[in-house]
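Worksheet for the structure shown next.
The values are calculated or read from the model by the stated rules, or taken from the named source; none is laboratory data. Only a predicted model underlies this, so the values are computations on that prediction, with no experimental measurement involved. No Cβ is skipped: glycine too gets one built from the backbone with ideal geometry, and neighbour counts run over all protein chains shown. What goes into the accessible areas is simple: the full protein's heavy atoms, side chains included, and nothing from ligands, DNA or RNA. Shrake-Rupley method; radii C 1.70, N 1.55, O 1.52, S 1.80 Å.
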Amino acid sequence: MTKKKILAPDHNCQICPRLAAFRAKNQAKYPDKFNAPVPSFGSEDAEILIVGLAPGLKGANFTGRPFTGDFAGDLLYSTLLKYKLAKGEFKAHADDGLELINCRITNAVRCLPPENKPTGYEINNCQPFLKSQFDHMPNLKIVLALGLIGHNAVLKTSGEKLSGYKFAHCATHKLQSGLTLIDSYHCSKYNTSTKRLTEPMFHDVFEKILKLI
Ligand code: URA
């Protein structure tokens with residue numbers, strides 16, 4: 001049986017004028033780098049989908065793989081390796097051979113936003129790409145939202161009211177679609193350096209997930 005194709009933005013997606021203009025600027029400035037909507041990483045047969053915010057300039061936007069080259073990726077990938085949700089070695093570049101096991105990583109917004117801040121309009125424009133993953137990942141059970149923007153994007157994409165599901169670190173929300181949404185503070189440099197998110201707190205989230213699958 002042929003699998004349904006998950007919808008992804010074009011390499012030169014023009015849906016969001018501000019993001020397309022920023023991309024053109026970065027393509028001129030860093031011609032050897034990826035500078036395009038960052039595709040999801042990991043199998044569409046996975047049971048777990050991790051939803052980040054958006055690519056970082058010198059991380060995913062440069063390397064073309066979510067959280068790769070970003071400070072946030074160091075904690076995310078070391079945690080995935082610890083819990084056997086990844087195998088190989090994470091070397092912060094897209095061809096390091098790292099493989100994800102039973103999980104896939106995507107972003108609520110696929111293009112690099114100026115100052116890491118996508119607008120509501122841009123987040124909404126990117127929703128069909130998230131929704132397509134919900135619709136075409138046949139084994140999907142758990143969606144892990146990294147941060148409030150990811151949490152809200154998952155809820156909106158699922159047709160849920162934001163008021164019904166309050167974001168809290170390590171909270172579990174049963175959605176009407178049957179998916180379980182789990183929240184975590186984003187593993188950003190800011191959150192880890194201010195200790196809003198510590199390594200044990202992040203590990204708690206994954207222990208919870210592993211109990212659910
Ligand atoms: N890199 C990503 O790909 N996503 C984030 O949310 C942060 C860094």
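Some values worked out for this structure:
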quantity: Selection count, the range 151-166, where residues are part of a loop (DSSP other than H, G, I, E, B) and open to solvent by 40 Å² or more (accessible area, probe 1.4 Å); calculated: 3
quantity: Residues within the range 198-213 that are at pLDDT below 95 and open to solvent by 80 Å² or more (accessible area, probe 1.4 Å), tallied; calculated: 0
quantity: Flag if GLN176 is more than 14 Å from the ligand (Cβ to nearest atom), farther than 19 Å from THR79 by Cβ and without any contact (Cβ under 8 Å) to a residue 24 or more places away in the chain; calculated: yes
quantity: Qualifying residue in the range 77-87 (condition: within 8 Å of the ligand (Cβ to nearest atom) and within 13 Å of the chain's Cα centre (by Cα)); calculated: no
quantity: Filtered residues of the range 98-144 (kept if over 15 Å from ALA46 (Cα atoms), open to solvent by 50 Å² or more (accessible area, probe 1.4 Å) and assigned to a helix (DSSP H, G or I)); calculated: GLU115, ASN116, TYR121, ASN124, PRO128, LYS131
quantity: Subset tally (residues that are in a loop (DSSP other than H, G, I, E, B) and either open to solvent by 40 Å² or more (accessible area, probe 1.4 Å) or in contact with a strand residue (DSSP E or B) (Cβ under 7 Å, 6 or more places away or on another chain) (or both)) for the range 33-68; calculated: 19
quantity: Filtered residues of the range 184-197 (kept if farther than 10 Å from LEU75 by Cβ and either free of Cβ contacts under 8 Å to residues at least 24 places away in the same chain or open to solvent by 80 Å² or more (accessible area, probe 1.4 Å) (or both)); calculated: TYR190, SER193, THR194, LYS195, ARG196
quantity: So LEU181, is it under 14 Å from the mean Cα position of the chain (by Cα) and open to solvent by 30 Å² or more (accessible area, probe 1.4 Å); calculated: no
quantity: Residue count for the range 55-75, restricted to those that are on the phi < 0 side of the Ramachandran plot and more than 6 Å from the ligand (Cβ to nearest atom); calculated: 11
